[in-house]
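*Asks:* After the structure tokens below, expect a handful of questions from me.
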Amino acid sequence: SKPAVRVAVTGAAGQICYSLLFRIANGDLFGKDQPVILQLLDLPQAQKAVNGVVMELEDCAFPLLSGVVVTDDPKTAFRDIDAALLVGARPRSQGMERRDLLSANAEIFKVQGRALNEAAKRDVKVLVVGNPANTNAYITMKSAPDLPAGNITAMLRLDHNRAVSQLAAKAGVGPAEIEKIAVWGNHSPTMYADYRFATAKGQPLPKLINDETWYRETLIPTVGKRGGAIIEARGASSAASAANAAIDHMRDWVQGSNGRWVSMGVPSDGSYGIPEGIIFGVPVICSGGKYERVKGLEIDEFSRKMMDKTLAELIEERDAIADLLK
Ligand code: NDP
């Protein structure tokens, strides 16, 4: 059989990982013929809980799971890895200012970026899930100068999947029939779910839905605030759907998206007026283990306004942590 791939996952004792690790071990990310070794990182005080999760992984007797490493040391976790899913992040505690949250996370991702730079395979694929995901990815990228910058990405896929699902319901089609959705910008309520190029069964989706007011005033805010709505309903933040989106993001990057558009947060190449290096959600097509941005899309006045708003937030986040990168 094939040699195992090594994948590091951080925040291994957390809610998202409680779904994510089992999906990876089941072959949902790298494929049903690809053995995997999980290299699990979490804080010292979470080691016991991680070991409990590992006991459950063992009890699943996954045929593809050929090893598990548990550690609180980033370099050990990232040694020789092919992929990293950076899920662990500092949650906002009561009374914590946004700026404090940004800097607490900046410290974590600076350390992890440096460790990736030192220990990971040179073509490692990195997905940042922990919030603020785009800015955490930016810090990781800046702290790992020897890795290809484009291999550090942030998760917009949950926003993408949420938009697809809501639009499919409105249009009365299945989610798989919707193509060419783009989610631009920050993984935050400012993200911009763009349906202008979308089709359903080959028909232009805006025409099929024929309700621009619903799109602007209901769809966009519903997708933006979905995370909050789930906390309100479930009493806990989304975890299984976030894990599913992380699998979708990495699986498509590794195995290809079959010509379909997917949204990924990637360092800007300057296109669409986004300053170079900012980690911004854009539509991409994946094949051969690489992603290609969808280029040359027209940006109308409404879209420009939406993209400028989410960009302004990202620039503000970048500037707030600039000192910590020195
Ligand atoms: P979760 O597993 O629920 O979430 C982890 C991160 O994913 C959070 O930053 C969360 O953001 C983010 N996230 C991104 N998208 C979503 C989404 N759609 N829905 C929900 N969350 C999303 O957090 P837990 O608190 O259960 O677990 C975190 C783990 O990380 C703990 O085991 C902790 O010990 C570990 N940790 C590890 C660190 C390290 O290895 N250095 C550092 C800090 C923590 P948000 O907070 O905005 O919901």
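The values are calculated or read from the model by the stated rules, or taken from the named source; none is laboratory data. Owing to the predicted nature of the structure, the values given are computational and were not obtained by experimental measurement. Reconstructed Cβ throughout: ideal geometry from the backbone, glycine too, with neighbour counts over all protein chains shown. In case anyone asks, the SASA skips ligands and DNA or RNA and just uses the protein heavy atoms, side chains included. Shrake-Rupley method; radii C 1.70, N 1.55, O 1.52, S 1.80 Å.
*Asks:* Evaluate the distance, in nm, between pseudo-label points positioned 7 Å from the Cα of ARG122 and of LYS326 along their respective Cα→Cβ axes.
*Replies:* So the label points at ARG122 and LYS326 sit 3.3 nm apart.
*Asks:* Want the number for GLU292 to ASP59: 0.36 nm per residue separation, take away the alpha-carbon distance, what's left?
*Replies:* So the chain would gain 79.9 nm between GLU292 and ASP59.
*Asks:* Something else: Counting Lys and Arg as +1 and Asp and Glu as -1, each charge on the Cβ, what is the dipole of the chain about the Cα centre in debye, to the nearest 20?
*Replies:* The calculation lands at about 240 debye.
*Asks:* Which value in nm describes the separation of the simple spin-label points at THR213 and LYS305, placed 7 Å from the Cα toward the beta carbon?
*Replies:* In this crude label model, THR213 to LYS305 measures out at 1.6 nm.
*Asks:* Something else about it: Tell me, what is the FRET efficiency for LEU43 and ALA233 to the nearest 0.05, using R0 = 25 angstrom and their Cβ-Cβ distance as r?
*Replies:* Step by step, r from the Cβ atoms, then E = 0.30.
*Asks:* Let me ask something else. In what sequence, highest mean first, do 258-267, 48-57, 29-38 appear when ranked by Cβ atoms within 10 angstrom?
*Replies:* By packing density, highest mean first, the sequence is 258-267, 29-38, 48-57.
*Asks:* In whole percent, and with a 1.4 Å probe on the protein chains, what portion of the accessible area of region 1-113 is carbon and sulfur?
*Replies:* 52
*Asks:* Shifting gears a bit: Once ligands and nucleic acids are excluded and a 1.4 Å probe is used, how much of ASP28 is accessible, expressed in Å² to the nearest 10?
*Replies:* Accessible area of ASP28: about 30 Å².
*Asks:* Here's something else I'd like to know. Got a sec? What order do VAL111, VAL7 fall in by accessible area at 1.4 Å, biggest, i.e. largest, first?
*Replies:* If we order VAL111, VAL7 from most to least accessible, we get VAL111, VAL7.
*Asks:* Among the lysines, which have Cα under 17 Å from the Cα of LYS295 when same-chain residues fewer than 8 positions away are ignored?
*Replies:* Counting by Cα, and skipping residues close in sequence, LYS295 has these lysines nearby: LYS180.
*Asks:* Next question. Distance between Cα centroids, region 221-240 to region 146-220: provide it in whole Å.
*Replies:* If we compute the Cα centre of each part, the gap is 17 Å.
*Asks:* May I pose another question? Determine, for each peptide in 127-135, 297-305, 270-278, the mean count of other beta carbons within 10 angstrom over its residues, then list the peptides with the highest first.
*Replies:* 127-135, 270-278, 297-305
*Asks:* Summing -39500 (n - 2.57) over the DSSP H runs of n ≥ 4 in the chain and dividing by its residue number, what mean residue ellipticity at 222 nm do you reach, to the nearest 500 deg cm²/dmol?
*Replies:* -13000 deg cm²/dmol
*Asks:* Magnitude of the Cβ-charge dipole of region 56-145, K/R +1 and D/E -1, about the Cα centre, nearest 20 debye?
*Replies:* Once rounded to the nearest 20, the dipole reads 560 debye.
*Asks:* If you don't mind, another one. With only Lys, Arg, Asp and Glu charged, each at its Cβ (+1 for the first two, -1 for the last two), find how big the charge dipole of region 116-248 is about the Cα centre; round to the nearest 20 debye.
*Replies:* 80
*Asks:* Still on this structure: Would you mind working out the accessible area per residue for region 218-291, using a 1.4 Å probe, and quoting it in Å²?
*Replies:* Per-residue value: 39 Å².
*Asks:* Just by accessible area at a 1.4 angstrom probe, what is the order of HIS187, HIS249 from largest to smallest?
*Replies:* Heavy-atom accessible area, descending, gives HIS187, HIS249.
*Asks:* For helix 98-119, report the angle its Cα long axis makes with the longest principal axis of the Cα atoms of the chain; keep it between 0 and 90° and round to the nearest 10°.
*Replies:* Taking the Cα atoms of the chain, the angle to 98-119 is about 60 degrees.
*Asks:* Where the accessible area of region 244-296 is counted over protein heavy atoms with a 1.4 Å probe, how much of it, in %, is carbon and sulfur?
*Replies:* 44
*Asks:* With a 1.4 Å probe and all protein chains left in place, how much of the accessible area of region 137-228 comes from carbon and sulfur atoms, in whole percent?
*Replies:* Solvent-exposed carbon and sulfur of region 137-228 make up 48 percent of the total.
*Asks:* Extension gain ASN51-TYR18, at 0.36 nm per residue separation less the Cα-Cα distance, in nm?
*Replies:* 10.7 nm
*Asks:* Among the lysines, which have Cα under 25 Å from the Cα of LYS32 when same-chain residues fewer than 8 positions away are ignored?
*Replies:* LYS2, LYS121, LYS125, LYS290
*Asks:* Can I ask one more? Could you tell me the accessible area of LYS201 in Å² (1.4 Å probe, neighbours in place), rounded to the nearest ten?
*Replies:* Near enough 140 Å² of accessible area.
*Asks:* Follow-up question, since we're still on this one. Where a Cα-Cα gap under 17 Å defines reach, which aspartates and glutamates qualify for LYS142, not counting those fewer than 8 residues away within the same chain?
*Replies:* GLU107, GLU118, ASP123, ASP269, GLU276, GLU316, GLU317, ASP319, ASP323
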